[in-house]
Each structure stands twice: as C-alpha cells, then as structure tokens.
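Data block below; observations after.
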Amino acid sequence: MKEAPKKIDHIGIAVKSIEDHLPFYENVLGLTLLKTEVVESQKVKVAFIEIGSSKLELLEPLADTSPIASFIEKKGEGIHHIALGVKDIEDRLQEIREDGIETLSEKPYKGAGGADVAFLHPRSTGRVLYEFCEKK
C-alpha cells in the first residue's frame with residue numbers, strides 16, 4: 001500500500017507584494033511571520049506564516065519571468081498550490097507516474113526552506129496544483 005502524505009505542509013498564495021499583504025495576516029488574523037527568503041531558481045520571494053502545525057506561504061514574483069508572475073497575470077492573486085508533506089519524494093513521484101499522474105519536473109529540486117519539492121500537473125489532479133514537499 002502506498003504511503004499517504006503526512007500533512008498539509010503549507011498553502012501557497014500568490015501575491016504581488018508581500019509587504020502589502022502581511023499586515024492582514026499579522027494584524028487582522030494575528031498570525032506570526034516565521035521568515036522570508038528568496039528562491040532564486042524560481043525568481044520569487046517567500047514569506048512563511050505560521051498557522052497551527054502548518055504554514056501559509058506568500059509568494060511574490062521578483063521578475064516578469066517568474067512562474068508566479070505568470071500565474072498572477074493569468075489568474076490574479078490568490079491560492080497557488082497546496083503542499084503535501086511526504087517522505088521519500090523520488091519514490092512517491094515514481095509511484096504516481098505509474099498511476100498516470102503527470103508531474104511538472106522529472107526530479108525534485110530545492111525549494112524554499114531547503115525542502116526537496118516537485119509539483120503535480122493540475123491536468124492530472126482535478127485542476128489543483130499540488131506540491132510534494134520533503135524536509136530532511
């Protein structure tokens with residue numbers, strides 16, 4: 001039997017400006033900003049906001065060529081993806097491909113927080129962009 005994801009690691013939210021949106025999360029919702037970082041490979045600035053045992057991940061594009069900039073241009077700001085915490089990400093990717101699920105990359109790559117990440121194509125998942133996320 002396949003091992004189910006362990007938890008929702010985070011929900012990614014595409015925003016034009018983290019600075020503009022952060023007061024809502026901190027002052028209105030009362031949540032805590034854990035950290036911000038830049039993921040150069042994706043041309044994105046990321047802010048992690050703690051909510052229980054999970055996180056919200058605000059994603060701000062740093063260039064017009066960022067995948068997040070494309071997303072915002074096509075769909076506007078809002079929920080971008082749901083990240084599922086998994087173990088043995090390469091094995092999980094192989095298993096889902098055997099089940100006919102399409103992925104956006106052949107291999108995992110380093111994402112925010114140093115996690116190994118890979119995305120499942122929304123065409124194979126009922127139009128939801130899922131991210132597998134393995135933290136070592």
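Bear in mind that the values in this text are calculations on the coordinates, not laboratory data. Just so we're clear, the structure is a prediction, and the values are computed from it rather than from any experiment. For neighbour counting, all protein chains shown are included, and Cβ atoms are generated from backbone atoms with ideal geometry for every residue, glycine included.
Before moving on, here are some points about what is shown:
- Relative contact order of the stretch 43-136, pairs being alpha-carbon contacts under 8 Å that are 6 or more residues apart, as %: 22
- Gaussian network model of the chain, Cα within-10 Å springs - most flexible of Leu34, Leu22, Leu62: Leu34
- Between the listed residues Val39, Ala118, Gly100, the Cα displaced farthest toward the positive end of the dipole of the stretch 33-136, a dipole computed from Cβ unit charges relative to the Cα centre, is found at Val39.
- Per residue, the average separation of C-alpha pairs within less than 8 Å and at least 6 apart gives the stretch 1-99 a relative contact order of 37 percent.
- Most mobile of Ile79, Ile101, Ile68 in a GNM of the chain (Cα contacts under 10 Å): Ile101
- The stretch 7-134 - charge dipole about Cα centre, Lys and Arg +1 at Cβ, Asp and Glu -1, debye rounded to 20: 240
- Judged by the gyration tensor of its Cα atoms, with axes a ≥ b ≥ c, the stretch 1-68 is oblate; a/c meets the 1.5 cut and b/c is at least as large as a/b.
- Simple spin-label estimate for Arg127 and Asp88 in nanometres, 7 Å along Cα-Cβ: 3.5
- Share, in percent, of DSSP beta bridges within the stretch 7-134 that are antiparallel, nearest 5: 75
- Two-site FRET efficiency, Ser105 against Phe24, from Cβ-Cβ distance with R₀ of 41 Å, rounded to 0.05: 0.80
- Build a GNM of the chain with springs between Cα atoms under 10 Å apart, and of Leu104, Leu58, Leu84 the one that fluctuates most is Leu104.
- Helix 89-98 vs. the chain, principal-axis angle (Cα, 0 to 90°, nearest 10): 60
- Spatially, the stretch 1-44 and the stretch 69-112 are offset by 15 Å when compared through their Cα centroids.
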